[in-house]
Amino acid sequence: MGRLAGKIAIVTGAASGLGRACATRFAQEGARVVIADVQDDLGEAVAEELGGLYVHTDVSVPEEVEKMIRFTVDSCERIDILMNNAGVDGEGGITGESSIDNWKRVMSINIDGVYYGMKYVLPVMIEQRAGVILNTASTVGCNAIPGLPAYTASKAGVIQLSKTTAIEYADKHIRVNAICPAVVDTPLVRALIEASPDSEAVRRGFEMMNPMPGMVTTDAVASAALFLVSDEAAFITAVALPIDGGYTAR
Ligand SMILES: NC(=O)c1ccc[n+]([C@@H]2O[C@H](COP(=O)([O-])OP(=O)(O)OC[C@H]3O[C@@H](n4cnc5c(N)ncnc54)[C@H](O)[C@@H]3O)[C@@H](O)[C@H]2O)c1
């Protein structure tokens, strides 16, 4: 018996990266996973590999998020876990020089998307008298970094929104937490390193940015996510858990 045996778990942005790693771990622990993404071919392949379901969902569109929740209830009868993970970092550029289009796009996916997910799943979880929500924030939601104003603001918003909702729904036996990974060794980050003119220096920079040497792994993030969505964390809510080798403690 796995730690999530019999649970139904939706993971948004699970066609790749952290979402995929978390969905894989949830499935290995016995959950039936619903993969929600905009990359249909990749998402369908992940769902098939994990014996789960795929539903096309652009999290920035409220009607699509509502449809994702309805699809899951119709197919699986309940929703035990919702991981609002889909996110984009957007274009680089300091506040005065970044575009309004970029601001709106990052906010619509990273913060509006998390709000829509919670708004539409909460009635289901209230009726079930149980449920767990896990939102993917970032260390940049705690410690500001220059050059990604929309991304950092959106992730700070995810942390406060998660805590607010956690307090509001605690008496309904619904837990809401956030995870705050530092830079994670994903294919996307690896590609970014390879694309830079001095890739060795960039890699070393990422590996030395946390007090613990080395980059955060997708495995480490999946393990933390698994703990927070499992019954082992039954009394843990309103937490924003850094997975950062000590980065945010400085
Ligand atoms: N990789 C890191 O270093 C890191 C660190 C901290 C936090 N995060 C956060 O982790 C989450 C996942 O990032 P990742 O690194 O795995 O990136 P990724 O690009 O590999 O995965 C993101 C997934 O989200 C999907 N997505 C994008 N826009 C969407 C939308 N509108 N609707 C539905 N799905 C959409 C993409 O198709 C993709 O499958 C994001 O919220 C990101 O901000 C990543």
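Laboratory data are not the source of any read-out in this text; all were calculated from the coordinates shown. Quick caveat, the model's predicted, so the values are computed rather than measured. We place every Cβ from the backbone using ideal geometry, glycine too, and count neighbours over all the protein chains shown.
Using Cβ counts within 10 Å as a stand-in for footprinting exposure, how do Ile35, Ile167, Ile133 rank, fewest first?
Result, fewest neighbours first: Ile167, Ile133, Ile35.
Can you sort Cys180, Cys22 by how many other beta carbons sit within 10 Å, fewest first?
Placing the least packed residue first, the sequence is Cys180, Cys22.
So if each residue of separation counts as 0.36 nm, and I subtract the Cα-Cα distance between Ala201 and Asp74, what length gain in nm does that give?
Difference between extended and current length: 40.7 nm.
Could you give the angle, 0 to 90 degrees to the nearest 10, between helix 149-169's Cα long axis and the longest principal axis of the Cα atoms of the chain?
30 degrees
For a bin width of 5 Å, list the pair-distance distribution of the chain built from all Cα-Cα distances, rounded to whole %.
1, 7, 14, 18, 21, 17, 12, 6, 3, 1, 0
Amide H of Ala14 versus every other amide H placed in the peptide plane: which residues, excluding those fewer than 5 positions away on the same chain, fall under 5 Å?
It is Ala36, by chain and number.
Applying the Karplus parametrisation 6.51 cos²θ - 1.76 cosθ + 1.60 with θ = phi - 60° to the phi angles of segment 98-112, what ³J(HN,Hα) value in whole Hz is obtained for each residue in order, glycine and proline being reported as x?
Ordered by residue, 3J(HN,Hα) equals 8, 8, 5, 4, 5, 3, 5, 5, 5, 5, 5, 7, 6, 10, 4 Hz.
Please build a GNM for the chain, connecting alpha carbons under 10 Å apart, and tell me which residue among Ala178, Ala23, Ala233 fluctuates the most.
Greatest mean-square fluctuation among the candidates belongs to Ala233.
May I ask you to evaluate 6.51 cos²θ - 1.76 cosθ + 1.60, the Karplus curve with θ = phi - 60°, for each residue of segment 125-139 and list the ³J(HN,Hα) values in order in whole Hz, giving x for glycine and proline?
Each residue of segment 125-139 in turn: 5, 5, 5, 6, 6, 5, x, 10, 10, 10, 10, 8, 9, 5, 4 Hz.
Can you list residues whose amide H is under 5 Å from Val216's amide H, if they're 5+ apart or on another chain and H is modeled 1.01 Å from N?
Asp185
Which whole number in µm²/s is D for segment 106-250 by Stokes-Einstein, with the Kirkwood Rh taken over Cα pairs at 25 °C and 0.890 mPa s?
D = 151 µm²/s.
Could you go through segment 219-224 in sequence order and give the Karplus-derived ³J(HN,Hα) for each residue, using 6.51 cos²θ - 1.76 cosθ + 1.60 with θ = phi - 60°, rounded to whole Hz, and x for Gly and Pro?
Values per residue, Gly and Pro as x: 4, 5, 5, 4, 5, 5 Hz.
Ranked by Cβ crowding within 10 angstrom, fewest neighbours first, how are Met68, Met209 ordered?
Final ranking by Cβ density, sparse to dense: Met209, Met68.
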